[in-house]
Amino acid sequence: MSFIIAANWKMNKGPKETRQFFDTFKEINSDPSIKTLFFVPAVDASETARSLSQTSYGWGPQNIFPAGSGAFTGETSPQVMSELGARYVLVGHSERRQLFFETDEQTNVKIHSALDFDLSPILCVGETLSERKNGTTLEVLNRQLVAALSNVQIKNELHIAYEPVWAIGTGEVANTEQVSEAHQSIRSFLKEKYPDQQQKIKILYGGSVKPNNAEELSKAQEVGGFLVGGASLKPDSFVDIIKAVQG
Ligand code: PGA
């Protein structure tokens, strides 16, 4: 399967800006060999579905509540997202973990729910700066993976995004060695847990990916894609990242 480049818009853009973005993006992006996904705010789901129908681009929400419907004020239903045409979902982004106190156990419940509603999860893992400084990076990644993937069978697709928390939105990017080390450790875990299916699981890097560092990062060990925040908000910088990976 090809390299994946996923956009995480976070809490940016409304439906009008979403439409404008996709109009421009479809016009200027000419590379179908890179699998491109968009994680959009739930309020932009309908417009995204409309804009991306008849294209090969995938999309999904940035978070879900693990139930189809019910008395869960303010939450996003995976069932409705799936009905609208979403095929993917982000789970356990570090902003969910840090700002909304999402636990490892909740990431596991959400992954199960996503799979129940035919959404392919992209599970985000990553260490904080203090965890890196005290040398526990690989331990943290392992803990997050073990918990989130407990009793999870792979249905269609499932991917992992390694996002060091200290590199998100900071302009500070992990170096190739740090990325390779983390990705290789995640791959070892996957080889053990899913010996027959691990090859189809991509490990994305996220954290200040920009047009000027994308090519180098794409060459680090086991990098099978990117999760891009800030630089995915403008069609031209996002397309420049896609082009940089094409070489
Ligand atoms: P960034 O965000 O590219 O702005 O660092 C990445 C992410 O949070 O997924």
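Within the range 154-173, track down each residue that is part of a loop (DSSP other than H, G, I, E, B) and not hydrophobic (A, V, I, L, M, F, W, C). Reasoning before the result, please.
At the first step, the residues of the range 154-173 found to be part of a loop (DSSP other than H, G, I, E, B) are 154-158, 163-164, 168-173.
Passing the criteria: LYS155, ASN156, GLU157, GLU163, PRO164, GLY169, THR170, GLY171, GLU172.
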Being under 16 Å from the mean Cα position of the chain (by Cα) and closer than 30 Å to LYS26 by Cα, is that true of even one residue in the range 168-191? yes
Please verify whether the range 41-58 includes one or more residues that are closer than 19 Å to PHE226 by Cβ, within 16 Å of the ligand (Cβ to nearest atom), outside any helix (DSSP H, G or I) and out of contact with any Phe, Trp or Tyr (no Cβ under 8 Å at 6 or more places or on another chain). no
All positions within the range 196-243 that are within 14 Å of the ligand (Cβ to nearest atom), over 20 Å from GLU17 (Cβ atoms) and among the small types (Gly, Ala, Ser): GLY206, GLY207, SER208, ALA214, GLY225
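Out of the residues in the range 192-211 that are among the hydroxyl-bearing types (Ser, Thr, Tyr) and under 10 Å from LEU227 (Cα atoms), which is surrounded by the most Cβ atoms within 10 Å (Cβ to Cβ)? Give the steps one after another, and end with the answer.
The initial filter retains those residues of the range 192-211 that are among the hydroxyl-bearing types (Ser, Thr, Tyr), namely 194, 205, 208.
If we keep only those that are under 10 Å from LEU227 (Cα atoms) as well, we get 205, 208.
Values: TYR205: 31, SER208: 22.
Checking each candidate, the answer is TYR205.
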Would you mind telling me which numbered condition in (1) surrounded by 13 or more Cβ atoms within 10 Å (Cβ to Cβ); (2) closer than 28 Å to VAL223 by Cβ SER33 fails? (1)
Select from the range 119-130 the residues that are away from the ligand (no atom under 16 Å from the Cβ) and crowded, with 18+ Cβ neighbours inside 10 Å and list them in ascending order. LEU119, SER120
Looking at (1) buried (at least 20 other Cβ atoms within 10 Å of the Cβ); (2) more than 12 Å from the ligand (Cβ to nearest atom); (3) of a type in the set (Gly, Ala, Ser); (4) part of a loop (DSSP other than H, G, I, E, B), which one does SER150 not meet, given that it meets all the others? (1)
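Of the residues in the range 174-224, how many are of a type outside the set (A, V, I, L, M, F, W, C) and assigned to a loop (DSSP other than H, G, I, E, B)? Before the answer, list the steps.
Going residue by residue through the range 174-224, those that are of a type outside the set (A, V, I, L, M, F, W, C) are 175-178, 180-181, 183-185, 187-188, 191-200, 202, 205-208, 210-213, 215-216, 218-219, 221-222, 224.
From what's left, assigned to a loop (DSSP other than H, G, I, E, B): 175, 194-197, 202, 207-208, 210-213, 219, 221-222, 224.
The qualifying residues number 16.
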Could you list, in sequence order, all residues of the range 70-98 that are surrounded by fewer than 21 Cβ atoms within 10 Å (Cβ to Cβ), among the hydrophobic types (A, V, I, L, M, F, W, C) and part of a loop (DSSP other than H, G, I, E, B)? ALA71, PHE72
Looking for something modelled with pLDDT under 95, in a helix (DSSP H, G or I) and among the β-branched types (Val, Ile, Thr) - is there at least one such residue anywhere in the range 234-247? yes
Taking first residues from the range 108-124 that are under 22 Å from PHE226 (Cα atoms) and in contact (Cβ under 8 Å) with a residue 60 or more places away in the chain and second residues anywhere that are buried (at least 21 other Cβ atoms within 10 Å of the Cβ) and among the charged types (D, E, K, R), the pairs with Cβ under 9 Å that are 6 or more apart or on different chains are ILE122/LYS202; CYS124/GLU163
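The values are calculated or read from the model by the stated rules, or taken from the named source; none is laboratory data. What you see is a predicted model, and the numbers here were worked out from it, not measured in a lab. Glycine also receives a Cβ, built like all others from the backbone with ideal geometry; neighbour counts cover every protein chain displayed.
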